[in-house]
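The values are calculated or read from the model by the stated rules, or taken from the named source; none is laboratory data. Just so you know, these numbers come straight off a predicted model, no measurement behind them. Positions of Cβ are generated from backbone atoms using ideal geometry, with glycine treated the same way; all protein chains shown enter the neighbour counts. The area values use the complete protein model at the heavy-atom level, side chains included, leaving out ligands, DNA and RNA. Shrake-Rupley method; radii C 1.70, N 1.55, O 1.52, S 1.80 Å.
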Amino acid sequence: MTQTIFLVGARGAGKTTTGKALSQALGYCFIDTDLFMQQTLQSSVAEIVAREGWEGFRLRESIALQTVTAPKTVVATGGGVVLSLDNRTFMRQNGVVIYLRASAHVLAERLAEDPEDAQRPSLTGKPIVEEMRDVLASREPLYQEVAHHVLDATQSLEVVVEHILQILADEKVK
């Protein structure tokens, strides 16, 4: 299998960490769409949102998603990439989509532990646990819809990567 592997999930689900480990295990390239946009635009996510609004940011996110999609690439997507039907359709048609699923409580704990992850502007202005609960409530159906596979992202990195490798091996056989 050489198609793109897309990792979707909320902020703090471990898409970047898992993506880096998975790409190493597979010998694939790794790209984080948020980082790609920041490097391309020489701006942080917060700066892009301040300049162009969330709508402008989401448009740039869609362009980035299509730009980085390539064979033998693991793509860690932004948490909100699933908000666009076009993005969901594109990912399902152009690769394997894996949803790294975790509860709002776990996500909030992880974001509190890693302040760099928390540099994204707040979507709701609420405390992080409430924000993650709200975000998951609205996005969970979209993550489920786009995903070919749903994994428990609260397991250890090794277990999550091993599980994905098993899924990919099983898909090769089909």
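With 21 Å as the limit, write out which pairs from K20/K126; K15/K126; K20/K72 have Cα-Cα distances beyond it, or answer none. Listed pairs above 21 Å: K20/K126; K15/K126.
Subtracting the Cα-Cα distance of E55 and Q144 from their residue separation scaled by 0.36 nm leaves 29.7 nm. What a 1.4 Å probe finds exposed on the chain is 52% carbon and sulfur by accessible area, rounded to a whole percent.
If you take the beta carbon distance between D86 and A137 as r and set R0 to 25 Å, what does 1/(1 + (r/R0)^6) give as a FRET efficiency, to the nearest 0.05?
Numbers: r = 23 Å, r/R0 = 0.90.
FRET efficiency, D86 to A137: 0.65.
Residues in the stretch 53-58 carry Karplus couplings, in order, of x, 5, 5, x, 4, 4 Hz; the curve used is 6.51 cos²θ - 1.76 cosθ + 1.60 with θ = phi - 60°, and Gly or Pro positions show x. Model label sites at Q166 and Q66, defined 7 Å from Cα along the beta-carbon direction, differ in position by 3.7 nm. With the chain treated as a Gaussian network of Cα nodes joined by springs under 10 Å, which of T154, T18, T40 yields the largest mean-square fluctuation? So, out of T154, T18, T40, the one fluctuating most is T40.
Non-local amide H neighbours of V74 (under 5 Å, H modeled in plane, Pro and chain starts lacking H): which ones? Under 5 Å from the amide H of V74: I5, C29, F30, I31. Separation of the stretch 13-56 and the stretch 72-87 by C-alpha centroid, Å? Cα centres, the stretch 13-56 to the stretch 72-87: 10 Å. Rounded to the nearest whole Hz, the Karplus-based 3J(HN,Hα) values (6.51 cos²θ - 1.76 cosθ + 1.60, θ = phi - 60°) of the stretch 134-151 follow the sequence 5, 4, 5, 4, 7, 9, 3, x, 6, 4, 5, 5, 7, 6, 7, 9, 10, 10, with x at glycine and proline.
Heavy atoms of the protein chains alone define the surface here; on that basis the chain has 50 Å² accessible area per residue at 1.4 Å probe size. Applied to the stretch 19-30, the Karplus parametrisation 6.51 cos²θ - 1.76 cosθ + 1.60 on θ = phi - 60° returns per-residue 3J(HN,Hα) values of x, 5, 5, 5, 5, 5, 4, 8, x, 9, 6, 10 Hz, with x for Gly and Pro.
How large is the Kirkwood hydrodynamic radius of the stretch 36-146, in angstrom, based on all distinct alpha carbon pairs?
Numbers: mean 1/r = 0.0666 Å⁻¹.
One decimal place: 15.0 Å for the Kirkwood radius.
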